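Structure first, commentary second.
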Amino acid sequence: MKVKTRFAPSPSGDLHIGGARTALFNFLFAKSQKGNFLVRIENTDDNRNSKESIKSIVDGLDWLKIKFDGEIIYQKDNINKHLEYAKKLISKGCAYKCYHSSLEISNLKEKKKFISKWRDVKDNNNIKKPYTIRLKIPRDEIIVIKDLVQGKVKVNSNELDDCILVRSDGKPTFMLASVVDDILMGITHVIRGDDHLTNTFRQYYLYKFSERKLPNFAHLPLILNERGEKLSKRDNVPSILDFRSDGFLNEAICNYILRLGWSFKNYEIFNLKDSINIFDLRNVGKSPAKIDRAKIKFLNEHYLKNLPKKRIFNLYKSLLKEKKKIMPIEIERNLFKFFDIFLERVCTLNEIVSKTNYFLDFKGISKKYWQSIETKSFILSELNVELKSLESWTIDSIEKTIKMFVKKKNIKFFDIGMPIRLLLTNNESSPSIVIIMLILGKKEVIRRLENVMIC
Ligand code: GLU
């Protein structure tokens with residue numbers, strides 16, 4: 001039987017690390033088994049759905065290169081099928097109409113565990129009150145689920161309430177809709193967060209009552225914050241697309257997410273293609289994974305240095321475009337040649353943008369720097385004359401000119417090195433000034449040394 005998995009997010013927020021990990025594990029498992037990976041948007045709850053959220057989910061998956069098979073399935077399109085299924089359960093005596101109002105229920109819950117008095121009422125056809133449809137969970141049964149991550153998990157059915165399948169407004173709940181859809185889609189493996197484990201025990205009966213084989217379940221352990229606590233809004237975890245705008249690479253984020261709970265030997269670096277071949281749910285640990293921001297940066301730094309230079313440079317250029325920064329074509333060509341130098345000691349693409357800012361957006365030298373080098377302006381203008389006369393603009397010719405100039409004037413390189421750097425970059429640290437001069441090109445160097453602009 002062909003393996004089919006699915007990622008079934010509710011579109012009520014952005015795609016975050018937790019959801020992305022569920023999607024990734026479903027994708028990898030399906031692909032490792034030569035199966036299909038599907039996406040279903042669980043949008044039956046109109047009050048909690050947003051188009052922006054669907055966009056964030058779809059764009060996030062696309063950015064991470066988690067490709068799904070076929071078209072996206074929207075749960076809302078199947079509402080009639082969900083309701084049909086609930087009706088069948090009623091006719092089989094496996095579900096019932098419950099007429100308690102929510103006030104009655106909260107009063108009843110105050111005293112003891114809520115058990116609907118309508119659970120065993122058969123003749124209720126003449127009642128004209130709003131009702132919910134509840135699952136009639138058999139009493140005192142031991143439910144055993146053989147979970148592919150958690151192992152054998154058991155619960156006594158007495159611990160489960162008769163959950164609502166259809167709300168009083170006639171809308172199916174997640175509990176019902178998700179099982180009906182999984183059956184319709186032929187899902188063989190349900191891989192999701194372990195916060196759904198109690199739902200699985202209830203959903204077990206939905207399969208059983210329809211004489212359907214239970215899919216395989218794999219419940220992934222929680223992801224905790226850096227202090228080992230449950231993630232909450234206060235942790236400000238970036239969305240997947242925030243990582244992109246913060247200058248992270250999809251390869252790094254995907255690699256990071258993969259290692260949240262899954263391991264292979266003691267390897268740290270995985271590309272998506274290779275991980276399909278080695279992914280195995282048996283290598284998902286049972287204990288919670290912790291967010292580790294330092295590791296995200298470490299991985300990004302790794303990929304910045306190890307992916308093809310052309311790719312990183314193109315990403316850098318698109319980021320410039322996004323930030324509406326314009327780089328003269330000649331500088332762009334020269335910068336590409338020396339790009340490796342600017343990848344040193346940076347973790348993100350955004351850091352490269354700030355490190356190379358003086359190639360794009362040069363407003364002149366700041367007042368404090370100018371004051372520190374003003375006394376050198378005459379000697380620099382003399383050097384400028386020599387640079388101007390250079391016919392070829394190469395490392396050798398520039399270096400030779402500066403060396404000879406220093407010798408002739410009987411000064412040290414240091415005496416003019418920093419002033420030149422400040423005039424060209426308005427920055428105390430930069431790669432060697434000869435490299436900067438080469439990247440800027442002769443005309444721009446002369447312009448910056450000659451027409452000193454103080455900002
Ligand atoms: N829609 C559910 C959620 O976003 C997932 C349901 C499932 O995977 O079965 O948590």
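The values are calculated or read from the model by the stated rules, or taken from the named source; none is laboratory data. Bear in mind that the values here come from a model prediction, so they are computed numbers and not experimental data. Virtual Cβ from ideal backbone geometry, glycine too; neighbours counted across all protein chains shown. SASA here: full protein model, heavy atoms, side chains in, ligands and nucleic acids out. Shrake-Rupley method; radii C 1.70, N 1.55, O 1.52, S 1.80 Å.
Some points to look at:
- In the range 410-455, the residue that is nearest to Glu374 (Cα to Cα) out of those that are without any contact (Cβ under 8 Å) to a residue 40 or more places away in the chain and of a type in the set (S, T, N, Q) is Asn451.
- Here Leu315 does not qualify as hydrophobic (A, V, I, L, M, F, W, C), within 25 Å of Phe414 (Cβ to Cβ) and either modelled with pLDDT of 95 or more or not in a loop (DSSP other than H, G, I, E, B) (or both).
For (1) in contact (Cβ under 8 Å) with a residue 60 or more places away in the chain; (2) open to solvent by 40 Å² or more (accessible area, probe 1.4 Å); (3) not aromatic (Phe, Trp, Tyr), each residue gets a yes or a no:
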{"residue": "Leu281", "(1), (2), (3)": "yes, no, yes"}
{"residue": "Lys286", "(1), (2), (3)": "yes, yes, yes"}
{"residue": "Arg293", "(1), (2), (3)": "yes, yes, yes"}
{"residue": "Tyr303", "(1), (2), (3)": "no, no, no"}
{"residue": "Arg311", "(1), (2), (3)": "no, yes, yes"}
{"residue": "Tyr316", "(1), (2), (3)": "no, no, no"}
{"residue": "Ile331", "(1), (2), (3)": "yes, no, yes"}
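- Selection from the range 199-215 of residues that are away from the ligand (no atom under 11 Å from the Cβ), among the hydroxyl-bearing types (Ser, Thr, Tyr) and modelled with pLDDT of 95 or more: Tyr204, Tyr205, Tyr207
- The residue of the range 74-92 that is surrounded by the most Cβ atoms within 10 Å (Cβ to Cβ), among those that are of a type in the set (A, V, I, L, M) and in contact with a Pro (Cβ under 8 Å, 6 or more places away or on another chain), is Ala86.
- The helices (runs of 4 or more DSSP H) found entirely in the range 370-455 that carry 2 or more residues being of a type in the set (A, V, I, L, M, F, W, C) and within 26 Å of Glu344 (Cα to Cα) are 395-409, 413-425, 433-440.
- Single residue of Ile187, Ile183 found to be open to solvent by 30 Å² or more (accessible area, probe 1.4 Å) and within 13 Å of the ligand (Cβ to nearest atom): Ile183
- Pair list, Cβ < 6 Å and 6+ apart or interchain, from the range 376-396 residues that are within 14 Å of Ile433 (Cα to Cα) to residues that are of a type in the set (Lys, Arg): Trp393/Lys442
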